[in-house]
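Q: Got a structure here, written out as structure tokens. Questions coming.
The values are calculated or read from the model by the stated rules, or taken from the named source; none is laboratory data. Given the structure is predicted, the values throughout are model-derived calculations rather than measurements. Here the Cβ positions follow ideal geometry from the backbone for every residue, glycine too, while neighbour counts run over all protein chains shown. Surface accessibility is based on the protein's heavy atoms, side chains included, excluding ligands, DNA and RNA. Shrake-Rupley method; radii C 1.70, N 1.55, O 1.52, S 1.80 Å.
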Amino acid sequence: EKNHLCLPELLGHTVQGLFEDFERIKLDEISKQARSVVSKIQRTLTKAKDIGLGHLALQRKAKSLSGGEYQRSLLIKFFSYDGTDSLFILDEPSLGISADQWPNIWKGIDDLKQQGNTVLLIEHQDFFYHAADYAIQHGPGSGKDGGFITYKGVPEKAKKAVISKEIIPQKPKQKFKVALKLVGPKIFGKTYSDFE
């Protein structure tokens, strides 16, 4: 069996393929100096695979990634952190990521917490809100109509704040007078009809 891969061969892999190659490395059979490096690579590849990036080719350009793929690739940097007593502030990590991937994103966040770190999450999705240890709701609206703490405490006991319309007048929803129409868009070589 071949024991070594050259760099061009490694770069030709997907994340899943590279994960499988590194999984075969037995840490007790390599030098102490190499162990920490290989172990870190194994942890990072595991996190990338766990949040659904196993299919990505290593040579794929960042600008060709979908919004969800790009968002998850940014999260890998945090999820593969190997330390404690740090504060992470994540602003809407669910942005561009499908709901079926949210449990995997939450696992990465929870792993950071289990290591002894603090994670402050700014989110609008109920999934993350109800999974949190502690929640702070701001509102009741957004922008100049927000900024008040309407609830803080355990998410399961959260109650929607009732604020008088006299305090913050409700504005009618704005209707758009102008719309954009896309004709024959091409995304990564595919036309609109390919997505229908």
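Q: Using only the Cα atoms of the stretch 60-127, what semi-axes does the equivalent ellipsoid have when each is the square root of 5 times a gyration tensor eigenvalue? Give whole Å, largest first.
A: 21, 15, 10
Q: Taking loop as defined by DSSP and a crowding limit of 14 other beta carbons within 10 Å, which trypsin sites (Lys or Arg not before Pro) in the stretch 20-54 fit?
A: Answer by residue number: Arg24, Lys26.
Q: For the pairs Lys113/Lys144; Lys144/Lys186; Lys61/Lys144; Lys107/Lys186; Lys26/Lys77, flag any whose C-alpha to C-alpha distance is greater than 30 Å.
A: Lys113/Lys144; Lys144/Lys186; Lys61/Lys144; Lys107/Lys186
Q: Rounded to a whole number, what % of the accessible area of the stretch 9-76 do carbon and sulfur atoms account for, probe 1.4 Å?
A: Whole-percent figure for carbon plus sulfur exposure: 57.
Q: If contacts are Cα pairs under 8 angstrom and at least 6 residues apart, what is the relative contact order of the stretch 1-87 in percent?
A: In percent, rounded to a whole number, it is 36.
Q: Over the stretch 1-150, give the accessible area per residue in Å² for a 1.4 Å probe, as an integer.
A: Value returned for the stretch 1-150: 63 Å² of accessible area per residue.
Q: Next up: Restricting attention to the stretch 1-107, which GluC sites (Glu not before Pro) occupy a DSSP loop and are surrounded by at most 11 other Cβ atoms within 10 Å?
A: Glu1
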